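What follows is one structure encoded as structure tokens, with my remarks underneath.
Where a number appears in this text, it was derived from the coordinates with a stated rule and is not lab data. Nothing here was measured: the structure is a model prediction, and the numbers come from that model. Because the Cβ atoms are built from the backbone with ideal geometry, glycine has one as well, and the counts that use them run over all protein chains shown.
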């Protein structure tokens with residue numbers, strides 16, 4: 001009878017029927033079912049992040065993005081009344097980016113076929129990531145503390161999975177060599193080659209997906225220490241993450257990783273001494289020494305084993321003279337010049353700097369962009385210098401600006417900086433305790449701001465990752481600033 005009355009009320013549009021509908025809708029977004037949505041999205045993210053950089057995983061990645069986006073659409077609809085300016089500025093700028101690239105494809109495309117292929121692949125997946133992440137960000141702080149804690153464990157396990165998978169590969173390769181065990185090719189470690197192995201994972205992949213996690217781990221340690229949490233399993237796990245990522249950077253000889261890891265450590269030490277040294281001097285010194293010992297060993301070994309560090313400034317003097325030394329156009333054919341030490345420049349140093357200088361000039365010369373997320377520098381270079389051997393400028397931001405133009409990069413930066421300022425304000429709010437989600441969002445956006453400067457990660461999966469975190473941070477900020485956090 002009760003079900004019959006509910007159905008009748010719904011059909012007749014009665015007040016009772018509207019109340020039932022409202023109750024069902026409320027349960028979908030606030031009750032146990034809402035928790036299921038959040039748990040599902042956390043699992044989808046964990047799986048997605050674990051395999052995002054692995055070859056032959058596109059089907060699973062798409063499934064995770066689609067499922068997360070479908071849930072995200074409902075969450076966005078439910079919280080739609082809270083999405084308003086000025087809090088919603090970061091997500092509005094992101095949506096404007098998609099509008100700009102649609103206009104670019106129609107009116108300003110330099111290679112319609114290539115740009116359309118990206119539009120229907122990388123931009124489509126990025127939009128799914130936006131829906132997934134924004135809805136997830138809106139819903140997570142509305143959940144109970146227990147749900148937030150459990151979803152954070154799932155989420156963080158996803159963050160560290162690329163590092164754990166790498167360590168597993170290292171262990172399997174060692175066992176295979178030590179005990180003459182045949183390891184499946186998929187679980188091997190491969191050096192770059194021509195053509196590359198179908199199972200090869202590039203250094204930039206680890207840079208794009210592990211360096212942000214290093215920043216997140218250090219950020220969580222700092223805020224936990226600031227709040228009086230000293231010896232705990234959580235801190236031990238975060239510290240282990242720091243050590244594991246530095247090991248990965250050292251093992252793969254990722255110099256960019258060492259540079260930014262060192263920079264993150266310096267920021268961490270500065271914050272500890274500025275904010276905590278007077279309150280807990282002994283504990284602060286011990287924590288700083290532990291972090292320095294863990295990171296310092298790998299940094300020192302990397303500098304010792306890479307002579308290119310010692311010629312960096314001498315190589316830079318030659319690299320910036322792109323007109324006088326045009327070798328950067330195709331060093332493998334034209335050869336490489338000598339630096340002021342009388343030595344042939346380091347290829348890495350020379351190309352990173354000279355290509356970056358030339359890319360910056362091209363951004364000013366072609367402000368609307370070429371239209372491609374990936375390899376716009378190469379395409380533009382082939383037009384201007386036929387026969388050149390360019391690929392990427394070694395700066396994610398420059399490559400992205402060459403692709404989406406100055407209007408597009410301004411929209412990205414606008415979303416990023418507005419998100420960072422709002423997150424910083426939220427973390428400094430004395431009335432609301434910092435949440436792991438806010439800390440994570442701030443640290444990952446700050447790390448992106450830095451590592452995209454000198455890392456060639458203006459590529460498909462990295463752009464999708466960037467959009468995901470920008471959208472997630474936008475959702476978290478809106479919920480934190482407009483609604484009280486559920487403390488029940």
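Just a few scattered comments:
- R0 of 41 Å, Cβ-Cβ distance residue 271-residue 153: FRET efficiency to nearest 0.05: 0.95
- Matching label, volume of the Cα convex hull per residue in Å³ computed from the structure shown, candidates (i) 194; (ii) 135; (iii) 258: (i)
- The orientation-averaged shadow of the Cα convex hull for region 263-346, equal to a quarter of the hull surface, comes to 7.9 nm².
- Over region 27-95, the pair-distance histogram of Cα-Cα distances with 10 Å bins from zero comes to 18, 37, 34, 10, 0 percent, rounded to whole numbers.
- Rounded if a/c under 1.5, otherwise prolate or oblate - region 176-278, Cα gyration tensor axes: prolate
- Three-way shape label, region 60-106, alpha-carbon gyration tensor, a/c 1.5: oblate
- Between the Cα long axis of helix 255-275 and the first principal axis of the chain there is an angle of about 60°, rounded to the nearest 10.
- Per-residue extension of 0.36 nm, minus the Cα-Cα distance of residue 333 and residue 121, leaves a gain of 72.9 nm for this segment.
- Equivalent-ellipsoid semi-axes for region 45-201 (Cα gyration tensor, √(5λ), whole Å, largest first): 36, 26, 11.
- Kirkwood Rh (inverse of mean 1/r, distinct Cα pairs), region 293-333, angstrom: 12.4 Å
- Taken over region 123-251, the alpha-carbon convex hull comes to 161 cubic angstrom per residue.
- Extension gain, residue 230 to residue 85, is 48.3 nm, computed as 0.36 nm per intervening residue step minus the present C-alpha separation.
- Two-site label geometry, residue 282 and residue 173: point separation in nm, points 7 Å out along Cα→Cβ: 4.4 nm
- Residue-averaged 222 nm ellipticity for the chain, from DSSP H runs of 4+ at -39500 (n - 2.57), nearest 500: -24000 deg cm²/dmol
- Straightening the chain between residue 293 and residue 348 buys 17.0 nm, computed as 0.36 nm per residue apart minus the Cα-Cα spacing.
- Using the Cβ-Cβ distance between residue 340 and residue 306 with R0 set to 25 Å, the FRET efficiency works out to roughly 0.80.
- Helix 281-305 and the longest principal axis of the C-alpha atoms of the chain enclose an angle of approximately 40°.
- In degrees, nearest ten, helix 32-51 long axis to first principal axis of the chain (Cα): 10 degrees
- Projected label distance in nm at residue 391 and residue 191, using a 7 Å step from Cα toward the beta-carbon: 1.6 nm
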